1. Tally up the carbon and sulfur contribution to the accessible surface of the range 20-83 as a whole percent, 1.4 Å probe, everything protein left in place.
2. If packing is taken as the average number of other Cβ atoms within 10 Å across a peptide's residues, how do 63-69, 212-218 rank, most packed first?
3. Considering the dipole of the range 20-83 built from charges on the beta carbon (Lys and Arg +1, Asp and Glu -1) around the Cα centre, which of P47, Q63, F25 is farthest to its positive end?
4. Between R34 and D92, what length in nm is gained on full extension when 0.36 nm per residue of separation is reduced by their alpha carbon distance?
5. Using a 1.4 angstrom probe on heavy atoms only, work out the carbon and sulfur share of the accessible area of the range 89-159 in %.
6. May I ask you to evaluate 6.51 cos²θ - 1.76 cosθ + 1.60, the Karplus curve with θ = phi - 60°, for each residue of the range 5-11 and list the ³J(HN,Hα) values in order in whole Hz, giving x for glycine and proline?
7. Quick one: helix 73-83 against the long Cα principal axis of the chain, what's the angle to the nearest 10°, folded into 0 to 90?
8. Label L44 and E102 with points 7 Å out from Cα along Cα→Cβ: what is the distance between them in nm?
Amino acid sequence: MAERFPAAVLFDLDGTLLDSAPDFFATLAVMAERRGWEAPADALIRPVVSKGSRAMLAAAFPQLEQDQREALVDEFLDTYQDLIGQHARLFDGVEPMLQALEQAGCRWGIVTNKPEYLAQLILPQHGWQQRCAVLVGGDTLAEKKPHPLPLLHAAQAIAVPAGQCVYVGDDQRDIQAAQAAGMPSVAALWGYRLADDVPQDWGADCLHESAAILSQPAAWPQVIHESEMS
């Protein structure tokens with residue numbers, strides 16, 4: 001068990017820090033209403049929120065062909081932008097966890113596959129503009145998760161070696177990206193996943209059921225701090 005917090009922590013956004021599913025429910029309901037369709041059931045959408053817009057459109061409108069759903073991606077993003085933050089909430093325990101990290105001098109940032117312009121809109125809704133040390137979106141770089149580049153870029157931006165950072169995410173590709181980056185990881189079991197997902201098989205260093213436990217240093221993977229390196 002760790003005796004102190006990591007030097008830096010990078011977080012996924014949707015399904016890890018933010019319960020954004022209610023915003024997406026509203027987005028898809030608006031799109032369905034425009035077409036005279038019944039709004040998709042929330043229970044169909046929640047498990048795939050971390051999979052992105054195309055997965056949500058597929059779950060919401062299975063009657064459409066793939067190319068028809070692809071044509072709806074821009075409308076989905078535009079509608080979501082109009083609604084962003086109206087229904088979303090931080091997961092329980094997230095704010096106390098971030099405060100505990102900050103009080104310990106740990107820097108934290110966000111690496112998400114959400115387009116950066118949308119992620120930027122969320123920061124001021126929670127007073128994170130100055131608190132979040134780095135933000136990398138899915139379109140910030142040439143690659144996105146599960147490629148390690150976004151995590152490596154974020155670590156470089158805050159001048160902390162990747163091995164001294166920890167990445168926290170609720171999807172398998174989050175853990176895959178961390179492993180490829182040489183970064184310890186935490187699987188956020190409070191987030192979104194399919195019924196047949198098995199997080200225990202992802203290879204994360206720690207798995208936790210709530211963000212609240214991460215307010216304690218002992219809940220984090222053991223990380224060698226720079227001051228401890230010879």
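1. Here it works out to 49 percent.
2. 212-218, 63-69
3. Checked the options; the winner is P47.
4. 17.5 nm
5. Its accessible area is 50 percent carbon and sulfur atoms.
6. 5, x, 5, 8, 10, 10, 10
7. 70 degrees
8. Simple spin-label model gives 4.0 nm for this pair.
The values are calculated or read from the model by the stated rules, or taken from the named source; none is laboratory data. In this text, all values refer to a predicted model and were calculated from it rather than measured experimentally. So basically every Cβ, Gly included, is an ideal-geometry build from the backbone, and we count neighbours across all protein chains shown. The accessibility values were calculated without ligands, DNA or RNA, using every heavy atom of the protein model including side chains. Shrake-Rupley method; radii C 1.70, N 1.55, O 1.52, S 1.80 Å.
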